[in-house]
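Scroll down for the structure; my scribbles are underneath it.
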Amino acid sequence: MNTITVIGSINLDRTIRVKQMPKPGETMHTKEIFSAGGGKGANQAVAAKRSEAATNFIGAVGNDAAGEMMRGLLSDEGIELAGVQTLEKQATGQAYIIVDDQGENSIMIHSGANNVFTPQQVQEQANMIKASDFVIAQFESTLESTVEAFKIARSAGVKTILNPAPALENVPEELLKVTDMIIPNETETEILTGIEVTDEDSLKAAADHLHQLGIEAVIITIGSKGAYYDVQGRNGIIPAFKVDAVDTTAAGDTFIGAMSSVLMKDFSNLEQAIKYGNKASSVTVQRFGAQPSIPYKNELN
């Protein structure tokens, strides 16, 4: 069983379901409104834990009702929260999500406490990081804290997985130097490499560019088509499962968390791990909400 430490965002998601996305200036009635656990980091941790990985979290919430709710939800999952601080003068991160009848979403995020916790907080969890198999991070929380976590991991031989989302124009070179695996989507790939992803040749060119930055393993998620991988001279596309999507929120996070739960540290079983991640995300998109939609291992067997 892998031990995974996720550093990143914890959000309370507030989701609104509509028939179609509103146009500028348009007022419309909603079909449903609900709140649920979210945040890319927390989603990835929940996906890993539900696939039976021992899972730790490093992050922060505010001293408010949303923070209390999120702590409760993550604790109920069995995720270790010793690395999660409660910050007095910050609001808990929140996301406002609009989902239409085609399953497409539009998301607005208030980072709050996610963007305030410090590298010192990460250093206090150094032993937790060093005891992990993988450390996973995204771009919904403080970059300097992520860099610190990856440096600690690299020094201890712990593999680092970077999900560069939401996309940044300038990713710090010091972060890429301590990244073992990177998992962007097509848009994020183009921003990182300057290469527009249109076919398998451009996927290979983009992966080669990322390898040149010192990153050993590359997975580029390509939506309903699946995932392209390139590692140690092996590459190809592993297709997604064909399902009727109702809400794509947390699909990518589910893929990353589930895949990392079964991945070998030498990436020797990457193809099988991607298939498992694809299967998990294919279940997620058939349900509404972020964390409520993430499947358990026994649903995937």
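For the chain, the mean residue ellipticity at 222 nm estimated from helices alone is -10000 deg cm²/dmol, where every DSSP H run of n ≥ 4 contributes -39500 (n - 2.57) and the total is divided by all residues, rounded to the nearest 500. Remark: the chain carries 42 Å² of accessible area per residue (probe radius 1.4 Å; ligands, DNA and RNA excluded). Averaging Cα coordinates gives a centre for region 129-183 and one for region 3-47; these two points are 24 Å apart.
Placing +1 on each Lys and Arg Cβ and -1 on each Asp and Glu Cβ, with no other charges, gives region 190-301 a dipole about its Cα centre of roughly 480 debye. Here the chain exposes an accessible surface that is 49 percent carbon and sulfur, computed with a 1.4 Å probe and the other protein chains kept in place. I need the trypsin sites (Lys or Arg not before Pro) found in region 199-301, filtered to DSSP loop residues with at most 16 other beta carbons within 10 Å of theirs. Filter output for region 199-301: K242, K265, R287. Across Y229, Y96, the residue with the most accessible area heads the list, and the full order at a 1.4 Å probe is Y96, Y229. Here region 241-276 is scanned for amide nitrogen atoms under 15 Å from the site 7 Å beyond the Cα of R234 along Cα-to-Cβ, giving 260, 262-276.
The values are calculated or read from the model by the stated rules, or taken from the named source; none is laboratory data. What you see is a predicted model; the values in this text were computed from it and never measured. Methodologically, a virtual Cβ is constructed for each residue, glycine included, from the backbone with ideal geometry; neighbour enumeration extends over all protein chains shown. Accessible surface areas use protein heavy atoms only, side chains included; no ligands, DNA or RNA. Shrake-Rupley method; radii C 1.70, N 1.55, O 1.52, S 1.80 Å.
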